[in-house]
Amino acid sequence: MSKHEQIEGRAYSKAARRRAKKAKRDNPLGLPEIGATPKRQKNGQKHRPAEERGADKVALKARCRQRGVSANAANLRDSRSPWWGCRAGRAMAGAVEGHAERLELWDAIQHMRRVVTAYDAAIGAPRRHAVCLRLLVPIERMEATAETPPVDDRTPEDRARQAVSAYMQLEGWLGWTDKAAMGEAKRVVWDDAEARDVPGLLAALRCVSDGVKGRRMVWRGRHGNR
């Protein structure tokens, strides 16, 4: 070993001893250290590894292809909106330009799916839209926050009874449009089928949105008054 290497080795050993001494002083019980708090990006979201961002970009490009738009920066950013992840959402967003109305109608879509999922479970039926639910997984990772809903501590009987009540209420809201629109909404929203009657779908979703928001119900059928 050269003289230079011996000097470097001694310097490294001294540095290692200093680090060990400091670690023992800061953590005398030798407990596992808590990982560093992840850095946040400028938009406030947690910084994620490059491979996760790469996977997101692949998913966003796929959404752009489904929408029939180029994968430029603006379209990639817009494709992060959850409604581009399923056929009902794409049909709705393709016909509605206002962001506020998109949010309301997306809430209606989600409400319909939550209600039918709970109702199917209550009557022991298989899920009718499992594929659609998988498509709705958000691109951003989900974390528990102060806004996370509390644990459901209802009894199975209470859950079943309330699920049936919510389903009947939903049917009542959908009854404020014509049967064709009601059937289209159920087919597209619940079964993730391709939309064939977008105006009918929108009419039904607006009825559901009125119900969810507690607004006065308005007849939205296309064939005269209710």
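The values are calculated or read from the model by the stated rules, or taken from the named source; none is laboratory data. Keep in mind the model is a prediction, meaning the values are calculated, not measured. All Cβ positions, even for glycine, are placed from backbone atoms using ideal geometry, and neighbour counts span all protein chains on display. All accessible areas refer to the heavy atoms of the entire protein, side chains included, with ligands and DNA or RNA removed. Shrake-Rupley method; radii C 1.70, N 1.55, O 1.52, S 1.80 Å.
Annotations for the structure displayed:
- Electrostatic tally near Ala195: other residues with Cβ closer than 9 Å to its Cβ, Lys and Arg +1, Asp and Glu -1, net +1.
- Using only alpha carbons, segment 154-200 has a radius of gyration to Kirkwood radius ratio (Rg to Rh) of 1.13.
- Solvent exposure ordering (accessible area, 1.4 Å, most first) of Thr177, Thr117: Thr117, Thr177
- Per residue accessible area in Å² of segment 155-218, where ligands, DNA and RNA are left out and the probe is 1.4 Å: 48 Å²
- Nearest-10 value in Å² for the accessible area of Arg102, using the 1.4 Å probe: 30 Å²
- Relative contact order computed over segment 172-226 (Cα-Cα under 8 Å; 6+ residues apart), in percent: 45 percent
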